[in-house]
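Asks: The structure's right below; bear with me while I get my questions together.
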């Protein structure tokens, strides 16, 4: 279902039964019971096949850490404009830092949100290194401790703990897909690239979206949604529903890469944000090394048969690249599948930040 920039399809409240839940503590407690673990894993894979979103309970992330991330983010967003510009993303050739509302484009349309992007840090390479996606490696821009005390420490702990929870979920999914439990851990490599977005939405103007309908790019997204509703997901029948806010849970959804390498068995579900009041959230996007090859996994016949029986899964595509959008390809109807993860990220930056790419890398823009 291709979305426009208008509120022409209002979301309804979700039936609690529509959103699966996964209890990570149950997985831990079943460590000595392979049959129970297999059943839990298969149930989660089925939920990710049918819905593509779930609520993660007993996830092990301390509430004090989540509160610290939200508090320090709020402190930063409340700074005077000149102080926020001290980490302006436009000055970073690695696309990290703060950006004002309307800076990021989704499906060619501006998102009405202010945000800070932080990635896994690696030593930077030459500005003209090839493949071009290797240029994404580099340092974050951090606000000074004088401006926001404790910001860098809180976010480094967030990366560590959310990354650990995401690794555990990848183990669950591998188990449910009848793969070796460490399949994804081995495939991810050592130079991993995860993303955190710290987001502040104003009330969404009529006719626009806080973030336009989209798929996420990577493997897993773990979201702490804050206390204000606004996240909406598209159902199998094309309706939009509001994600419920349940205390002490994280919202988890799948990305296009996991969809692609599982032959569309696991699903990247379209989602968007519309909020009637200011809203804050923090999202962690789990990703592998840039050079991870994205060849399809050889799955058992029951998974391929499930895809073959479902036009929705057969037709699930990628977010359109910038050149595809210009030629009329639908928002999430791209048939292009990148060969390595870095290519997927580079496509994302070229699509979402064309001015930044042109400013820093005129040779490839």
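The values are calculated or read from the model by the stated rules, or taken from the named source; none is laboratory data. Being a predicted model, the structure only gives us computed values, none of them experimental. Positions of Cβ are backbone-derived with ideal geometry, glycine not excepted, and every protein chain shown enters the neighbour counts.
Asks: Which condition does residue 298 not pass, out of (1) touching a residue at least 40 places away in the same chain (Cβ under 8 Å); (2) over 15 Å from residue 170 (Cβ atoms), if it passes all the others?
Replies: Among (1) touching a residue at least 40 places away in the same chain (Cβ under 8 Å); (2) over 15 Å from residue 170 (Cβ atoms), residue 298 violates only (1).
Asks: Condition test on residue 289, is it farther than 27 Å from residue 50 by Cβ, modelled with pLDDT of 75 or more and crowded, with 17+ Cβ neighbours inside 10 Å?
Replies: On the way: farther than 27 Å from residue 50 by Cβ: yes; modelled with pLDDT of 75 or more: yes; crowded, with 17+ Cβ neighbours inside 10 Å: yes.
When the stated conditions are applied, residue 289 passes them.
Asks: Does any residue of the range 201-215 turn out to be modelled with pLDDT under 95, part of a loop (DSSP other than H, G, I, E, B) and in contact with a helix residue (DSSP H, G or I) (Cβ under 9 Å, 6 or more places away or on another chain)?
Replies: Within the range 201-215, one or more residues are modelled with pLDDT under 95, part of a loop (DSSP other than H, G, I, E, B) and in contact with a helix residue (DSSP H, G or I) (Cβ under 9 Å, 6 or more places away or on another chain).
Asks: Within the range 121-130, which residues are within 20 Å of residue 195 (Cα to Cα) and surrounded by fewer than 17 Cβ atoms within 10 Å (Cβ to Cβ)? Even if it seems obvious, please write down each step before you answer.
Replies: So the first thing to find is which residues in the range 121-130 are within 20 Å of residue 195 (Cα to Cα), and the list is 121-125.
121, 123, 124, 125, listed by residue number.
Asks: Do you know which of the residues in the range 31-57 that are free of Cβ contacts under 8 Å to residues at least 60 places away in the same chain and outside any helix (DSSP H, G or I) is surrounded by the fewest Cβ atoms within 10 Å (Cβ to Cβ)?
Replies: So the residue we want is 32.
Asks: Looking only at the range 1-30, filter to residues that are exposed (fewer than 13 other Cβ atoms within 10 Å of the Cβ) and modelled with pLDDT of 95 or more; which one of those is nearest to residue 176 (Cα to Cα)?
Replies: Ranking the candidates gives 28 first.
Asks: To continue, here is another question. For the range 307-317, name all the residues that are assigned to a helix (DSSP H, G or I) and within 25 Å of the chain's Cα centre (by Cα).
Replies: If the condition is that a residue be assigned to a helix (DSSP H, G or I) and within 25 Å of the chain's Cα centre (by Cα), then 307, 311, 312, 313, 314 are the ones that fit.
Asks: Residue check, residue 257 against (1) assigned to a strand (DSSP E or B); (2) closer than 23 Å to residue 120 by Cβ, all met but one. Which one?
Replies: (1)
Asks: Further, regarding this structure: Tell me, which residue of the range 216-231 that is at pLDDT 95 or above and not in a loop (DSSP other than H, G, I, E, B) is nearest to residue 23 (Cα to Cα)?
Replies: 222
Asks: Please verify whether the range 109-117 includes one or more residues that are assigned to a strand (DSSP E or B), within 27 Å of residue 271 (Cβ to Cβ), out of contact with any strand residue (DSSP E or B) (no Cβ under 8 Å at 6 or more places or on another chain) and at pLDDT below 95.
Replies: yes
Asks: Sticking with this structure for a sec: Applying the selection to the range 83-109, what residues are free of Cβ contacts under 8 Å to residues at least 60 places away in the same chain and over 16 Å from the mean Cα position of the chain (by Cα)? Let's see the steps before the verdict.
Replies: Within the range 83-109, the first condition is being free of Cβ contacts under 8 Å to residues at least 60 places away in the same chain, and the residues that meet it are 84-85, 87-88, 91-92, 94, 96-100, 102.
Result: 84, 85, 87, 88, 91, 92, 94, 97, 98, 99, 100, 102.
Asks: Between 145, 140, which is in a loop (DSSP other than H, G, I, E, B) and in contact with a strand residue (DSSP E or B) (Cβ under 7 Å, 6 or more places away or on another chain)?
Replies: From the options 145, 140, the qualifying one is 140.
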